[in-house]
Ligand SMILES: C[S@@+](CC[C@H](N)C(=O)[O-])C[C@H]1O[C@@H](n2cnc3c(N)ncnc32)[C@H](O)[C@@H]1O
């Protein structure tokens, strides 16, 4: 189950997001909430601040956040030991509640700074007459794990160091990431070597911006991770792969999903075919979005040299650009194409990436959900791959 703070403070339109995939998570938040944003800023790689026009939530649909926090004070403060709003905030809690302190700063916080912030807030809680409140310390670092926050119903104070001042808030929402793990690990065909996680697949679908009942296409569907997330989100989907065995893998995984979701509906179509020729394969059908992860690189066991990386990227670039035209032709006007592309880190510490430029000729334009434009490709942060990194492009069909 997701976690929700039991008592919501009154200031709940200003949100701080702790981002699981850095800039890509920020792009997701801006895309999902774009109509309702009055301002947004990525403060540093893993932290963003948003202000919404209303208090209707919407962050529950984001796959790329670790936590969403609301402010306790309207503005950042020079000191944390005289915050009068704390009494109001703590008003609704039982005396013996669990609490923790998470501290974030652009350069990461040191142990001494964390201890100081922690003891200031501990004193403030005790002063507010909560003698039995139970402080939960992190196992390491300066934040308690989100699954612990959820399972022990911890009131998690969130402190951001902004220059000389501190922003104080509390974790309002933590997503239930276990549901993604179940779908990633318990399906019949698990192919972690070629496949992204279910959580990342859901994030990519959110970037596709398709409403419930809409149709998405994954033209390189492999074992069907993106298709499974689309069905779970209430969409219909079409999967294409040129490898018959992969289509069979997708079929097994989607049949398992239907059983797990206890539904007899089969909102998917699977086709064996070449995705550089989608127009004939789709037979005039147009989709609301294409969401896909082709990554077409041969397996390597060691960091490539610059020469080798360039050769590999050149080979896969050809297929990317050929299939991009084909994808643009089968997506409706206003629909999006979300595509994951590889980037290689070389022995010389250089990055060589598949670049999708000049997409105007294919009828595509980079998708920009807010006024400050995103620079594509957007890198996926915190992936534990060593030399192949994933980057994401989002285009809109014009
Ligand atoms: C990285 S995998 C996709 C993984 C997928 N997201 C999953 O959940 O398993 C890429 C897939 O593209 C397929 N493929 C490669 N070239 C293709 C082409 N020209 N047309 C269609 N499929 C292709 C491969 O067979 C492979 O299954």
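Once the mean 1/r over all distinct Cα pairs of the range 294-363 is inverted, what Kirkwood radius in angstroms do you read off? For the range 294-363, inverting the mean 1/r across all distinct Cα pairs yields 13.3 Å. Rounded, prolate or oblate: which fits the range 94-169 when a ≥ b ≥ c are the square roots of the eigenvalues of the alpha-carbon gyration tensor, with rounded for a/c under 1.5 and prolate only if a/b beats b/c? Oblate, since a/c reaches 1.5 and b/c is not below a/b.
What the pair-distance distribution of the range 178-397 shows, using all Cα-Cα distances binned every 5 Å from zero, is 1, 7, 15, 19, 21, 17, 12, 6, 2, 0, 0 percent. Each of residue 269 and residue 132 was given a label point 7 Å from its Cα along the Cα-to-Cβ line. The distance between the two points is 6.3 nm. Taking a virtual spin label 7 Å from the Cα of residue 77 along the C-beta vector, which residues in the range 163-179 bring their backbone nitrogen under 12 Å of it? Within reach of a label on residue 77, which here means backbone N under 12 Å from a point 7 Å along Cα→Cβ, the range 163-179 contributes 166-169. Computed over the alpha-carbon atoms, the chain gives an Rg to Rh ratio of 1.01, Rh here being the Kirkwood radius from the mean inverse distance.
On alpha carbon coordinates alone, what is the Rg over Rh value for the range 3-174, Rh being the Kirkwood radius? Over the Cα atoms of the range 3-174, Rg/Rh equals 0.94. Treating r as the C-beta distance of residue 85 and residue 322 and R0 as 45 Å, the FRET efficiency rounds to 0.20.
Exposure proxy for 316, 71: other Cβ atoms within 10 Å of each Cβ, ordered fewest to most, give 316, 71. Legend: calculated FRET efficiency, residue 38 to residue 165, from the Cβ-Cβ distance at R0 = 30 Å, rounded to 0.05, equals 0.85.
Applying 1/(1 + (r/R0)^6) with R0 = 51 Å to the Cβ-Cβ distance of residue 193 and residue 371 gives a FRET efficiency near 0.80.
Model label points for residue 115 and residue 308, set 7 angstrom from Cα along the Cα-to-Cβ axis, are 4.7 nm apart.
Values quoted throughout were computed directly from the atomic coordinates according to the rules given, and no laboratory measurement underlies them. Model, not experiment: these values are computed from the prediction. Every residue, glycine among them, receives a Cβ derived from its backbone with ideal geometry; neighbour counts consider all protein chains shown.
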